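Working notes for the structure below.
Read-outs: derived from the displayed coordinates by stated rules, not from any lab. A quick note: this is a predicted structure, and the numbers were derived from the prediction, not measured. Here the Cβ positions follow ideal geometry from the backbone for every residue, glycine too, while neighbour counts run over all protein chains shown.
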């Protein structure tokens, strides 16, 4: 059964300034903390609904919150466990906070979680203060223009066929995007919505802030 | 014709402390600077062989160095242009420095360049101070143990079939790795070489330093 509301997964990774991220939160969001993500709760001003992970690092855990403790030797990452739990409890809208910078193994694993959620029928958004990722498979996505941000499309899980992009400086017409030749990188909004369609395959839509300070450094 | 020696592509992105990266350099390396990568030359203690990019940012360019200037409106990223130029001049071994942290669009585009080079018969390694990426397609890779680093395998360009991993805490036996369910993440060396084989498909092998300071933060 689909559950209304949104599951916000707070990952353990760095996420930059909390200010822009607090702006993404909505009343009624349910916060699932993936292991060390608990350290971000105060900065985000968020009350957790669920703690999930192995908790083998020394974190002070909030009291009185439902906690799912897993052995540290497992196949799934803590973020994936949180996503699976959210799906199984009926959520079909997700926001993942953090996990897009820092350790490259974590970043790549987290992008896989985006695809996993998308393939399970969820709408999904992943954000830190300077980067954002969305995912679409065999469908169309409309992204409101965002001044000062680049927009890029990358195939994920294989080549993406029949890719059409509108509302951006460089258009694509039923193009094939291949992992080894990224040609949808650092495109720009024209001022209205960007529309991205993929006929066969999946795309990661990546938004990156133009001036990223330490990230650009 | 294959040219001996190694093409070191210096990307424009952040790369962390220069010290560990200088340790990767070898006498006789040819340095190709992808656009803003020139700012890293001093830190790396490297003399450039080629500058490549649109150079529309205000960088002070080294004098007397061969320079290939491209229009800023192009399909390829500067890093891709440098890789293509290196291939066409005969290099079959590449080291890419930087480009694995910072702007997510750049990171993902750079991982595509790794696959591109691999598919063109080159041996390739991409590194910053805390992350490293290698690529193997339909073949086997041997990675010397590195104390204090995790090792992970991710499919790139589609699912990876028949993946076998040895010399690591968690073994795999002819497994299929899929983008949406990363189960080869944050594995550990046992002490000797790690051996990773993929029968059909391509893998990114990602090494990440366990204590990354600001990256973990």
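Restricting to the stretch A:40-58, and then to whatever is out of contact with any strand residue (DSSP E or B) (no Cβ under 9 Å at 6 or more places or on another chain) and assigned to a loop (DSSP other than H, G, I, E, B), can you tell me which residue is surrounded by the fewest Cβ atoms within 10 Å (Cβ to Cβ)? Checked the stretch A:40-58; the qualifying residue surrounded by the fewest Cβ atoms within 10 Å (Cβ to Cβ) is A:58. Against the numbered list (1) within 12 Å of chain B (Cβ to nearest Cβ); (2) surrounded by fewer than 19 Cβ atoms within 10 Å (Cβ to Cβ); (3) in a strand (DSSP E or B); (4) without any contact (Cβ under 8 Å) to a residue 40 or more places away in the chain, residue A:162 comes up short only at (1). The set of residues in the stretch A:183-199 being more than 13 Å from chain B (Cβ to nearest Cβ) and either in contact with a strand residue (DSSP E or B) (Cβ under 8 Å, 6 or more places away or on another chain) or buried (at least 20 other Cβ atoms within 10 Å of the Cβ) (or both) consists of A:189, A:190, A:193, A:194, A:195, A:196, A:197, A:198, A:199. Restricting attention to the stretch A:78-130, the residues that are outside any helix (DSSP H, G or I), without any contact (Cβ under 8 Å) to a residue 40 or more places away in the chain and within 8 Å of chain B (Cβ to nearest Cβ) add up to 0.
Of the listed requirements (1) surrounded by 19 or more Cβ atoms within 10 Å (Cβ to Cβ); (2) more than 13 Å from chain B (Cβ to nearest Cβ), residue A:179 misses just one: (2).
Screening residue B:21 against (1) assigned to a helix (DSSP H, G or I); (2) more than 14 Å from chain A (Cβ to nearest Cβ); (3) farther than 19 Å from residue B:133 by Cα; (4) in contact with a helix residue (DSSP H, G or I) (Cβ under 9 Å, 6 or more places away or on another chain) leaves a single unmet condition, (3).
Mind checking whether some residue in the stretch B:205-216 is assigned to a strand (DSSP E or B), touching a residue at least 12 places away in the same chain (Cβ under 8 Å) and more than 9 Å from every other protein chain (Cβ to nearest Cβ)? Step through it out loud before you land on a result.
If we filter the stretch B:205-216 for residues that are assigned to a strand (DSSP E or B), which is where we start, we get B:205-209.
From what is left, the residues that are touching a residue at least 12 places away in the same chain (Cβ under 8 Å) are B:205-209.
Then drop every residue that is not more than 9 Å from every other protein chain (Cβ to nearest Cβ), which leaves B:205.
Yes, because at least one residue in the stretch B:205-216 is assigned to a strand (DSSP E or B), touching a residue at least 12 places away in the same chain (Cβ under 8 Å) and more than 9 Å from every other protein chain (Cβ to nearest Cβ).
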